[in-house]
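The structure appears right after this line, and notes come after that.
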Amino acid sequence: MNTGSLKHGDFTGLAENYSKYREGYAPTVRSALIGLLDRSADQCDAVDVGAGTGIWARMLAEGGFRSVTAVDPNEEMRTTGMRDSKQFPIQWRAGKGEDTGLPDACADLVSMASSFHWVDFDLGTAEFRRLLRPGGWFVALWNPRHIDDNPLLVDIEAELTRLKPDLRRVSSARTGLNETLTDRLTACPHFEDVVFLEGRHTVQQSVEHYLGVWKSVNDVQVQLGEENFRKFLDYVKERLVDLETVETTYLTRAWAARRAD
């Protein structure tokens, strides 16, 4: 494992772990987002920006959208996503949140799943408004672990700050951008009718799978560095040595906003 070459927001070298171990989003939230559209999903086109390996893009395809386009700047993530999405009608292309390269008014839903925190807010929201048709919706969503009721998982996450007291989770849906996202989207001239949605789903993960999720997390590895990240994984293995599975609840949090005309 070499975390020394990792940079914030660059998932090169993490694609396999990301694809194999990252969990999806609450299906109830997907259903609620589809319900915001003014037509049925099979009459709508979706664009997923910062699609990574296509976890959310595949959920959109399963939701019945007429078309799904997945956009990501990282070639390794796109290649892995294309491999894992062969059975889905998803079109893949290179692009980033501030410049997707897609035509005007091509989508009824534009999404960023666990990736909006990497995008320049002003440039990104202008780009997403450009992509949307009248009445279309932009959604930013994340799926952090909900650990409050599980002392074991609370202790494991606390080890991060024991190793690095000033560690700041960039991608957590409970900190940073998300603390002000409702207000920022409400004030954004490109959108109106801001909606917040939240849903939960629980999964049983093998210990290998649980460790794999951590190995796919960019910001923790960058901030801890190679030595401390190895110490963290060793601590997790020690805490889970007597377990076969780890029950983990994921909290899907989504902010949706309609295109302003």
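Taking L197 as the residue in question, decide whether it is assigned to a helix (DSSP H, G or I), under 19 Å from the mean Cα position of the chain (by Cα) and modelled with pLDDT of 95 or more.
Working: assigned to a helix (DSSP H, G or I): no; under 19 Å from the mean Cα position of the chain (by Cα): yes; modelled with pLDDT of 95 or more: yes.
So L197 fails the test.
Looking at the stretch 110-126 only, could you name the residues that are touching a helix residue (DSSP H, G or I) at 6+ places or on another chain (Cβ under 7 Å) and either part of a loop (DSSP other than H, G, I, E, B) or aliphatic (A, V, I, L, M) (or both)?
Once the filter is applied, which keeps residues that are touching a helix residue (DSSP H, G or I) at 6+ places or on another chain (Cβ under 7 Å) and either part of a loop (DSSP other than H, G, I, E, B) or aliphatic (A, V, I, L, M) (or both), the stretch 110-126 yields V110, A113.
Among the residues that make up the stretch 161-170, is at least one of them out of contact with any helix residue (DSSP H, G or I) (no Cβ under 8 Å at 6 or more places or on another chain) and buried (at least 21 other Cβ atoms within 10 Å of the Cβ)?
Checked against the condition, which is being out of contact with any helix residue (DSSP H, G or I) (no Cβ under 8 Å at 6 or more places or on another chain) and buried (at least 21 other Cβ atoms within 10 Å of the Cβ), the stretch 161-170 yields no hits at all.
Out of the residues in the stretch 178-189 that are in a helix (DSSP H, G or I) and within 21 Å of the chain's Cα centre (by Cα), which is nearest to A105 (Cα to Cα)? Full working, then the answer.
Of the stretch 178-189, the ones in a helix (DSSP H, G or I) are 178-179, 181-187.
Filter once more, keeping what is within 21 Å of the chain's Cα centre (by Cα): 178-179, 181-185.
Numbers: N178: 27, E179: 30, L181: 24, T182: 24, D183: 25, R184: 23, L185: 20 Å.
The qualifying residue nearest to A105 (Cα to Cα) is L185.
Condition first: surrounded by fewer than 24 Cβ atoms within 10 Å (Cβ to Cβ) and touching a Phe, Trp or Tyr at 6+ places or on another chain (Cβ under 7 Å). Now tell me which residues in the stretch 78-96 satisfy that. Spell out how you get there, then give the answer.
Residues of the stretch 78-96 surrounded by fewer than 24 Cβ atoms within 10 Å (Cβ to Cβ): 78-80, 82-96.
R78, M82, listed by residue number.
Would the stretch 1-9 turn up any residue that is surrounded by fewer than 22 Cβ atoms within 10 Å (Cβ to Cβ), closer than 21 Å to N143 by Cα and at pLDDT below 95? Lay out the reasoning, then the answer.
Residues of the stretch 1-9 surrounded by fewer than 22 Cβ atoms within 10 Å (Cβ to Cβ): 1-9.
Narrowing the set further to residues that are closer than 21 Å to N143 by Cα leaves 8-9.
Then drop every residue that is not at pLDDT below 95, which leaves 8-9.
The answer is yes, given that some residue of the stretch 1-9 is surrounded by fewer than 22 Cβ atoms within 10 Å (Cβ to Cβ), closer than 21 Å to N143 by Cα and at pLDDT below 95.
Before we move on, is V203 surrounded by fewer than 18 Cβ atoms within 10 Å (Cβ to Cβ), touching a residue at least 24 places away in the same chain (Cβ under 8 Å) and aliphatic (A, V, I, L, M)? Give the steps one after another, and end with the answer.
Numbers: surrounded by fewer than 18 Cβ atoms within 10 Å (Cβ to Cβ): yes; touching a residue at least 24 places away in the same chain (Cβ under 8 Å): yes; aliphatic (A, V, I, L, M): yes.
Yes, satisfied.
Scan the stretch 206-261 for residues that are of a type in the set (D, E), touching a residue at least 40 places away in the same chain (Cβ under 8 Å) and not in a loop (DSSP other than H, G, I, E, B) and jot them down.
Answer for the stretch 206-261, where residues must be of a type in the set (D, E), touching a residue at least 40 places away in the same chain (Cβ under 8 Å) and not in a loop (DSSP other than H, G, I, E, B): D219, E226, E247.
Closer than 22 Å to E192 by Cβ and free of Cβ contacts under 8 Å to residues at least 24 places away in the same chain: which single residue out of D108, D104, D120 fits that description?
Unique residue meeting the criteria: D120.
Can you find a residue that is basic (K, R) and buried (at least 21 other Cβ atoms within 10 Å of the Cβ) anywhere in the stretch 60-76?
Within the stretch 60-76 (the criterion being basic (K, R) and buried (at least 21 other Cβ atoms within 10 Å of the Cβ)), the answer is no, since none of the residues qualifies.
Can you tell me which residue among R162, R129 is in a helix (DSSP H, G or I), of a type in the set (K, R) and without any contact (Cβ under 8 Å) to a residue 40 or more places away in the chain?
R162
For the structure I just gave you, tell me whether E226 is in contact with a Gly (Cβ under 8 Å, 6 or more places away or on another chain), modelled with pLDDT of 90 or more and exposed (fewer than 15 other Cβ atoms within 10 Å of the Cβ).
Judged against the criteria, E226 is a match.
Among the residues of the stretch 116-140, write down those that are small (G, A, S) and either modelled with pLDDT under 95 or surrounded by fewer than 17 Cβ atoms within 10 Å (Cβ to Cβ) (or both).
A126, G135
Of the numbered conditions (1) acidic (D, E); (2) exposed (fewer than 14 other Cβ atoms within 10 Å of the Cβ); (3) under 21 Å from the mean Cα position of the chain (by Cα), E192 satisfies every one except a single condition; which is it?
(3)
The values are calculated or read from the model by the stated rules, or taken from the named source; none is laboratory data. Values in this document were obtained by computation on a predicted structure and should not be read as measured data. Cβ atoms come from the backbone with ideal geometry, glycine included; neighbour counts cover every protein chain shown.
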